1. Take Ser185 and tell me if it is open to solvent by 30 Å² or more (accessible area, probe 1.4 Å) and either more than 26 Å from Gly223 (Cβ to Cβ) or not β-branched (Val, Ile, Thr) (or both).
2. Looking at Leu386, Leu351, which one is away from ligand 1 (no atom under 16 Å from the Cβ), touching a Phe, Trp or Tyr at 6+ places or on another chain (Cβ under 7 Å) and within 30 Å of Ser184 (Cα to Cα)?
3. Identify the single condition in (1) within 16 Å of ligand 1 (Cβ to nearest atom); (2) of a type outside the set (Ser, Thr, Tyr); (3) under 17 Å from Gln255 (Cβ atoms) that Leu102 does not satisfy, given that it satisfies every other one.
4. Testing Asp228 on (1) within 16 Å of ligand 1 (Cβ to nearest atom); (2) in a helix (DSSP H, G or I); (3) more than 22 Å from Gly10 (Cα to Cα), one condition comes back false. Which one is that?
5. Residue pairs, Cβ under 6 Å, 6 or more apart or interchain, first in region 39-50 and part of a loop (DSSP other than H, G, I, E, B), second of a type outside the set (A, V, I, L, M). List them.
6. Could we say that Ile231 is crowded, with 24+ Cβ neighbours inside 10 Å and not assigned by TED's automatic domain parsing to the domain that holds Ala326 here?
7. Restricting attention to region 9-47, report how many residues are open to solvent by 40 Å² or more (accessible area, probe 1.4 Å) and in contact with a helix residue (DSSP H, G or I) (Cβ under 6 Å, 6 or more places away or on another chain).
Amino acid sequence: MGQIVGIDLGTTNSVIGVIEAGRPIIIANSEGSRTTPSIVGFTKDKEIVIGDQARRQLVLNPKNTFYNLKRFIGSDWDELDDTSISVPYNVKANNNGSVRVLSPNTEREYAPEELVSSLIRKLINDAETYLGDTIDSAVITVPAYFNESQRQATKDSAILAGIKVDRILNEPTAAALAYGFEKSSSNNVLVFDLGGGTFDVSLLKISNGVFDVKATCGDTQLGGNNFDSKIVDWLAEKFLAKYDIDLRRDRQALQRLTEAAEKAKCELSGLPKTRISLPFITTSNDGPLHIEETLDRNIFESLSQDLLDRLLEPVQIALDDSGWNAEDIDEVVLVGGSTRIPMVQQLVKTLVPNEPCQSVNPDEVVAIGAAIQSGIISGDLQDLLLNDVTPLSLGLETIGGLMKVLIPRNTPIPVRQSDVFSTSEANQSSVVVQVRQGERPLASENKSLGKFRLSGIPPAPRGIPQVQVAFDIDANGLLEVSATDRTTGRKQTVTISGGSNLNEQEINSIIEEAKTKANEDRIKRSVIDRKNSALTLIAQAERRLRDASLEFGPYGAERQQRAVELAIEDVEEYIDDDPQELEISVSALQEALFGLNRKFAAEKKTDNNPLQSIKNTFGSLKDELFSDEYWDDDPWDNQINRNYRNSRYGNSRDDDPWDNDYFL
Ligand code: ADP
Ligand code: MG
């Protein structure tokens, strides 16, 4: 059986962790970083690029580089706010009102889940390489405040990536797991998670390995990006006033502004002011225009006041729901990159006066928690019990458009609740169950999670038939709804899957496509790999030839040297367009090299006379002085090396003094 991993699928950065020897660790990606930017793009050649590689093409290829996808996942078009939509790539609503992202390079539109699935695949691939084992399933974290649709959509992304989801875990709960792991004391903890795109608050009671989530609240459209936008607007407004040009209308300029704004924001976490300089940001009739500004921390703070206010409310609601006062909180755990902003830290201190806990890394703590949860599932870790809650109230729409709540928010999960409903008209033969999630009294103002009809109700006066509606939430926070006619026993059940707005057929076709693509990619990659290793072999062979002419002189191993030279020529001939011949010529070159190496070995063995051993000593000294690292394929390096040798030994007829064989 393959392994289980924990994935923090962040708006900005994603992190993957695993349990190794009983402890949670973070796995670095193939680029060597412990966090992977949650960015997916397509190059001109329609090739997909993910993570750092995608990040690098943000400015030059903004229309084909997709970030902040988590803000779109499982959301309808109408639910998105302006900041989410103001991205330099094209986002639109499809006929069903679901969000779709367009890539001009591939001439295709994508569901956000599809792109997120590529990101998951990369994390998994890199982790499989590290572990040397396959990965079958994962614990994936989501903001606690994600609704049903967003959870389902996240799960669909993993399915598209070919991964089973063992558990959808709330991010703050994961952070608390990481914080409380191996702590035996009893504590009331506030987890304050402000990342790039979302804000989450959770209150937990942790005692002896039992994690009880008391309340959770948040804002899925609030994060570091909003702070960046404040700086972008500040810069753009200044520019507009000066030159009458709105830079936000130019994708490339907007992308450069956004990057500069984020950089400035991060610098202001450590410095009182920072310079923002963006040369050649655009051109006017009078020539190129530039931005040169200094941003003070207090200007940034005054620009961001409304965002700070938005952080207050969820904390207050969570406190109210838990029945705790601020004084009841023992520890604050800060999570997410944006909690490095000084005014955010100050705000937290005004809410809870205790110094925040410093023992966790805000960038990695969620993935560590996810890894711990994966360890609990696999049985590697024991004695931890997690009792989470549902973040938002769940109910159905009753006559008159009112919301009837069956499961109030912050109810511990898993949970099953049911209630009995009846018909509103005489002889009504069917009822419609419209499932909704949210806190508003008017049903239409809450998120619709789907609806279904229970028919076949026998004729009866109004109010007589009894329809029992039951809501089941599993440990992942995923909901199943059923309705039963008590007279006939007729039952209808739905698992809420409206979230991703991808139907089963679409999901299957995407999976198929991904498989074919993966095959194509594998073939492409193996061609590239073969070419690269052929090039490496040639370089190696050429070095060996140089060694041979130093060691044996031009004729000492003529036959073997000639064989290697010929084999190199063959490999070079086939390297670009004949994979089969290439393979044959590569093995011929390997064989020829083997022959030459044997000659070296034989030479060493027969070298018994004292003079020869002196020669060998100098030979090895020579190896040190002119070792392979000086002799790589870079012509500049060789030049430097030659200069070095010339300066040391003089520019003699022959570069190498040892070649003159003074001792024979
Ligand atoms: P997510 O969970 O959304 O992936 P992260 O926790 O990785 O996000 O946080 C990313 C956010 O943190 C970005 O908006 C980034 O600009 C912000 N950030 C990172 N470092 C700093 C810093 N030193 N000061 C302010 N903001 C920061
Ligand atoms: Mg995060």
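The values are calculated or read from the model by the stated rules, or taken from the named source; none is laboratory data. Treat the numbers as computed from the prediction; the structure is a model and nothing was measured. Counting neighbours? That spans all protein chains shown, and the Cβs are built from the backbone with ideal geometry, glycine included. For accessibility, only protein heavy atoms count, side chains too; no ligands or nucleic acids. Shrake-Rupley method; radii C 1.70, N 1.55, O 1.52, S 1.80 Å.
1. So Ser185 fits the description; yes.
2. Values: Leu351 fails: touching a Phe, Trp or Tyr at 6+ places or on another chain (Cβ under 7 Å).
Testing whether each residue is away from ligand 1 (no atom under 16 Å from the Cβ), touching a Phe, Trp or Tyr at 6+ places or on another chain (Cβ under 7 Å) and within 30 Å of Ser184 (Cα to Cα) leaves just Leu386.
3. So the condition that Leu102 fails would be (1).
4. Looking at each condition in turn, Asp228 falls short on (3).
5. Close Cβ pairs satisfying both conditions: Ile39/Arg55; Ile39/Tyr67; Lys46/Asn105; Lys46/Thr106.
6. On the way: crowded, with 24+ Cβ neighbours inside 10 Å: yes; not assigned by TED's automatic domain parsing to the domain that holds Ala326: yes.
It is true that Ile231 is crowded, with 24+ Cβ neighbours inside 10 Å and not assigned by TED's automatic domain parsing to the domain that holds Ala326.
7. 2
Listed here are the residues, each with its yes/no results for (1) surrounded by 20 or more Cβ atoms within 10 Å (Cβ to Cβ); (2) of a type outside the set (Ser, Thr, Tyr).
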| position | (1), (2) |
| --- | --- |
| Val49 | yes, yes |
| Asn64 | yes, yes |
| Tyr110 | yes, no |
| Thr129 | no, no |
| Gly132 | no, yes |
| Ile135 | yes, yes |
